[in-house]
Amino acid sequence: MSIKENLLQIKSQLPNHVTLVAVSKTKPVADLMEAYNAGQRVFGENKIQEMTDKWEEMPKDIQWHMIGHVQTNKVKFMAEYVSLIHGVDSLKLLQEINKQAQKHNRVIDCLLQIYIAEEESKFGLDENELDEILKQVQNDNSDLTNIRIVGLMGMATFTDNQSQIKKEFDNLKNIFDKINADAISKDAISKDAINRVSILSMGMSGDYKLAIECGSTMVRIGSSIFGNRTYQI
Ligand SMILES: *Cc1c(COP(=O)(O)O)cnc(C)c1O
């Protein structure tokens, strides 16, 4: 099947409230343009340099999502244009994103990455670290005015065990619901409605259907659209 056919087939299976991020890492611009010409406007990359090269070359109505682990010293290369950063996992990184966003007079949307897998190699915050960061960001005196936390992101363990993946997705959904419930009770006091988060980024080619059943609002799909990658990152 062609990229266009893959894309349209996946899109036809997604509920309206679920956003498709086409994960185009390692793929050439010609492949991305095929998806673009089929109507896709949201692309995900995991290397800042590669994403920036593609941003320079491609139409300007594309929303670029950084889905990989972000090194603090590279934030400056994407601050001008990135539309959503999925993998924020420290206050230090958030401060750097804020600083670089300020230089471009922008507010950059961010997701906090939560550690849900049983794999050492995956990045992310635990619940205590999440609470700590939310406290800093939601503090009325916070100087983090050029970032906005709009949701959470997580990656399940790489396994065929569906019940384990479901358990991990359910866990992330529970955390998501809990911080929204906390925000609503705070809003009732402060009349400040900005603390609620709306995006739950979970699900990839192998597990996106399960992720949607578990409450995902944003799926990151690469190989099922563009075919297998020649090297895995
Ligand atoms: C590569 C990648 C994906 C997409 O993986 P596929 O299995 O090809 O769909 C999703 N999320 C992240 C964070 C990735 O690095």
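The values are calculated or read from the model by the stated rules, or taken from the named source; none is laboratory data. Predicted, not measured: the structure shown is a model, and the values here were computed from it. Using ideal geometry, Cβ is built from the backbone for each residue, glycine included, and neighbour counts are taken over all protein chains shown. All accessible areas refer to the heavy atoms of the entire protein, side chains included, with ligands and DNA or RNA removed. Shrake-Rupley method; radii C 1.70, N 1.55, O 1.52, S 1.80 Å.
Which pairs break 28 Å Cα to Cα here: Lys166/Lys186; Lys76/Lys135; Lys99/Lys135; Lys103/Lys135?
Check vs 28 Å cut-off fails for Lys166/Lys186.
Antiparallel DSSP bridges in the chain: what percent, to the nearest 5?
DSSP beta bridges in the chain are roughly 0 percent antiparallel.
Going by the alpha-carbon gyration tensor, a ≥ b ≥ c the square roots of its eigenvalues, is region 143-223 rounded (a/c under 1.5) or, if a/c is not under 1.5, prolate (a/b greater than b/c) versus oblate?
Here region 143-223 falls in the prolate category.
Would you please put 142-151, 108-117, 42-51 in order of how densely packed they are, using the mean number of other Cβ atoms within 10 angstrom per residue and starting with the highest?
Top to bottom by mean Cβ count within 10 Å: 108-117, 42-51, 142-151.
Modelling each spin label as a point 7 Å along the Cα-to-Cβ direction, I'd like the Asn73/His17 distance in nm, to one decimal.
Simple spin-label model gives 4.3 nm for this pair.
Please list Leu14, Leu7 in order of solvent-accessible area, largest first, computed with a 1.4 Å probe with all protein chains present.
The ranking, largest first, comes out as Leu14, Leu7.
On a C-alpha basis, how far is the centre of region 96-145 from the centre of region 203-220 in Å? Whole number, if you could?
When both Cα centres are located, 22 Å separates them.
So what's Rg/Rh here for region 63-190, counting alpha carbon atoms and using the Kirkwood radius for Rh?
That ratio is 0.99, to two decimals.
What would the Debye equation give as log₁₀ I(q)/I(0) for the chain at q = 0.07, 0.10 Å⁻¹, counting only Cα atoms as equal point scatterers?
Summing over Cα pairs of the chain leads to -0.22, -0.45.
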